[in-house]
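One structure is given here, and the rest of the page talks about it.
The values are calculated or read from the model by the stated rules, or taken from the named source; none is laboratory data. As the structure is a prediction and not an experimental result, all values here were calculated from the model. Cβ: placed from backbone, ideal geometry, glycine included. Neighbour counts: every protein chain shown. Remember, those area values only see protein heavy atoms, side chains included, never the ligands or the DNA or RNA. Shrake-Rupley method; radii C 1.70, N 1.55, O 1.52, S 1.80 Å.
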Amino acid sequence: MADDVRPLVHLVGAGPGDPDLLTVKALRLIQSADVVVYDRLVGDGILDLIPAGTTRICVGKEKGRHLLPQDQINDLLVSLARPGRRVVRLKGGDPYVFGRGGEEAMYLAGYGIATEVVPGITAAAGCAAATGIPLTHREVARSVRLVTGHLRDDQSLDLDWERLADPSCTLVVYMGVGTAGLISQGLIKAGLDPATPAAVVEKGTTAAQRVLRGTLAELEANVARWQVEPPALLIIGRVVALAAEQEVAEWRGAVEA
């Protein structure tokens, strides 16, 4: 390959966990890569699709434990990128939805390294579909808001509670297991009905998926009682109740048949 060819890193979304939800392009890039740099939330079923002999580098992050801080991940990508080398940066969900893909793309651009973003099915869309919860529904939810429940360095949640406490909106919280109490308290204090349906989706779209339903007021206690572990999403809004109605309708149909 000519020396003047610009190095390239592919920022690839692995989706919410089910390997069958990978895009065709994501699968093609994974299977043709020279090196794959992946996060902890990329499931084993997807990692199994990486050919033997391909270099794998785990840079996974979880609460209180980072294999590599973000600045070192950025530097690693720069060091790996060179003309002709096929580098895949594999991220759970979509790279541009709470995946720090934008930060990495900007950093790489500062070193003259091009990026191609391959979108993945977001955890919000994948988990909602897998659990039968419609994120929007006429006359029930006119909008969807995706927020992170991750604490800032000063241990506060920087969320606009007044705007989020909208009964006509579906709220999806990423990384909210550890702050479920703060989230429920903030929303209730801002005026959202404590009886608003709330679901916790643990390991959504995978064989280990659990769906735990209750109300906003019960959210903190339920997360503790059910011993929920990441990855998990919180889905808050009236649409959560529609999934239960759908299940009843399907059960009745089976009985009648």
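Has region 16-29 got any residue that is within 20 Å of the chain's Cα centre (by Cα), open to solvent by 10 Å² or more (accessible area, probe 1.4 Å) and under 22 Å from LEU108 (Cβ atoms)?
yes
If you go through region 202-226, how many residues are among the aliphatic types (A, V, I, L, M) and out of contact with any strand residue (DSSP E or B) (no Cβ under 9 Å at 6 or more places or on another chain)? Spell out how you get there, then give the answer.
Step one: filter region 202-226 for residues among the aliphatic types (A, V, I, L, M), giving 207-208, 211-212, 216-217, 219, 221, 223-224.
Next cut, out of contact with any strand residue (DSSP E or B) (no Cβ under 9 Å at 6 or more places or on another chain) only: 207, 224.
Looking only at that region, the number is 2.
Among the numbered criteria (1) out of contact with any Gly (no Cβ under 7 Å at 6 or more places or on another chain); (2) surrounded by fewer than 18 Cβ atoms within 10 Å (Cβ to Cβ); (3) under 30 Å from THR55 (Cα atoms), which single criterion is violated by TYR96?
Only one criterion is unmet by TYR96, namely (1).
Quickly run through region 103-123 and pick out the residues that are free of Cβ contacts under 8 Å to residues at least 40 places away in the same chain, open to solvent by 60 Å² or more (accessible area, probe 1.4 Å) and of a type outside the set (D, E, K, R).
Once the filter is applied, which keeps residues that are free of Cβ contacts under 8 Å to residues at least 40 places away in the same chain, open to solvent by 60 Å² or more (accessible area, probe 1.4 Å) and of a type outside the set (D, E, K, R), region 103-123 yields MET106, TYR107, GLY110, TYR111.
Show me the strands (runs of 3 or more DSSP E) entirely contained within region 124-204 in which 1 or more residues are open to solvent by 60 Å² or more (accessible area, probe 1.4 Å) and in contact (Cβ under 8 Å) with a residue 40 or more places away in the chain.
Answer list for region 124-204: 143-148.
Read through the list (1) over 21 Å from LEU157 (Cβ atoms); (2) surrounded by fewer than 14 Cβ atoms within 10 Å (Cβ to Cβ); (3) among the small types (Gly, Ala, Ser), then give the number of the only condition that ALA224 fails.
Going through (1) over 21 Å from LEU157 (Cβ atoms); (2) surrounded by fewer than 14 Cβ atoms within 10 Å (Cβ to Cβ); (3) among the small types (Gly, Ala, Ser) one by one, ALA224 breaks only (1).
LEU67 is checked against (1) modelled with pLDDT of 95 or more; (2) within 24 Å of SER79 (Cα to Cα); (3) in contact with a strand residue (DSSP E or B) (Cβ under 8 Å, 6 or more places away or on another chain) and fails just one. What number does that condition carry?
LEU67 satisfies all of (1) modelled with pLDDT of 95 or more; (2) within 24 Å of SER79 (Cα to Cα); (3) in contact with a strand residue (DSSP E or B) (Cβ under 8 Å, 6 or more places away or on another chain) except (1).
Can you go through ARG145, ARG138 and tell me which one is within 19 Å of the chain's Cα centre (by Cα) and of a type outside the set (Asp, Glu)?
On the way: ARG138 fails: within 19 Å of the chain's Cα centre (by Cα).
Matching residue, one of ARG145, ARG138: ARG145.
Given ASP94, ASP34, which one is farther than 27 Å from VAL201 by Cβ and in contact (Cβ under 8 Å) with a residue 12 or more places away in the chain?
Details: ASP94 fails: farther than 27 Å from VAL201 by Cβ.
Exactly one residue qualifies, and that residue is ASP34.
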